[in-house]
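The values are calculated or read from the model by the stated rules, or taken from the named source; none is laboratory data. Not measured: the values here are computed from a predicted model. Here the Cβ positions follow ideal geometry from the backbone for every residue, glycine too, while neighbour counts run over all protein chains shown.
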Amino acid sequence: MRMEEVQEAYEAIGDRARNAEGRLEDVYGELQTKIKTLRSTIRELQTLVQDVTVLKGEFSVESGRIEDDFTGKIKAFEGLSLHKGNIEECERRIEEGKNRAKTATERLEAARVRVEDWEKREEEWQKTMSSKLWIISERIVGANTTIQNGCVLVGYRL
């Protein structure tokens, strides 16, 4: 009779261990998905930074060229009032270029802040999940559990 009770208890512990292991695998899969999403977002932001850097360089070259053009035209013309419309158009183009660069910089900064916030939340979530997983494995599974590099390692006691 005692042997049957031990066998039933052993089977119950095995069932609990399998259930806990399945839940741990689900959580691990979710973590992997979130990490892939984060890496993708980082790659996209890096591409955006490169694009903004190129745009900034092109803007600097273009604005320098326009400025040189203006300077040459102003010096070349004796009667500025005759060319007032051209000057105003050039000034408008310069202002539009500045506004585009400012908008791109603001978007980049907002994206950087969002990524930093997301990384902080993700780190806190991972810490919380590691603790919860450790508690689950210790309490439910009754296993010898350690956390290494954010992963729960379970060693069963027999």
So which residues in the range 1-27 are of a type in the set (A, V, I, L, M) and either within 19 Å of LYS132 (Cβ to Cβ) or at pLDDT 90 or above (or both), if there are any at all? ALA17, ALA20, LEU24, VAL27
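Just give me the residues in the range 1-55 being among the β-branched types (Val, Ile, Thr) and touching a helix residue (DSSP H, G or I) at 6+ places or on another chain (Cβ under 9 Å), in sequence order.
At the first step, the residues of the range 1-55 found to be among the β-branched types (Val, Ile, Thr) are 6, 13, 27, 33, 35, 37, 41-42, 47, 49, 52-54.
Answer for the range 1-55, where residues must be among the β-branched types (Val, Ile, Thr) and touching a helix residue (DSSP H, G or I) at 6+ places or on another chain (Cβ under 9 Å): ILE13, VAL27, ILE35, THR41, ILE42, VAL49, VAL52.
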Going through the range 96-148 one residue at a time, which ones are within 24 Å of the chain's Cα centre (by Cα) and modelled with pLDDT under 70? GLN148
Quick check on this structure: which one of GLY72, GLY97 is in a helix (DSSP H, G or I) and without any contact (Cβ under 8 Å) to a residue 24 or more places away in the chain? GLY72
Is it true that some residue in the range 80-92 is surrounded by 13 or more Cβ atoms within 10 Å (Cβ to Cβ), in contact (Cβ under 8 Å) with a residue 24 or more places away in the chain, assigned to a helix (DSSP H, G or I) and touching a helix residue (DSSP H, G or I) at 6+ places or on another chain (Cβ under 6 Å)? yes
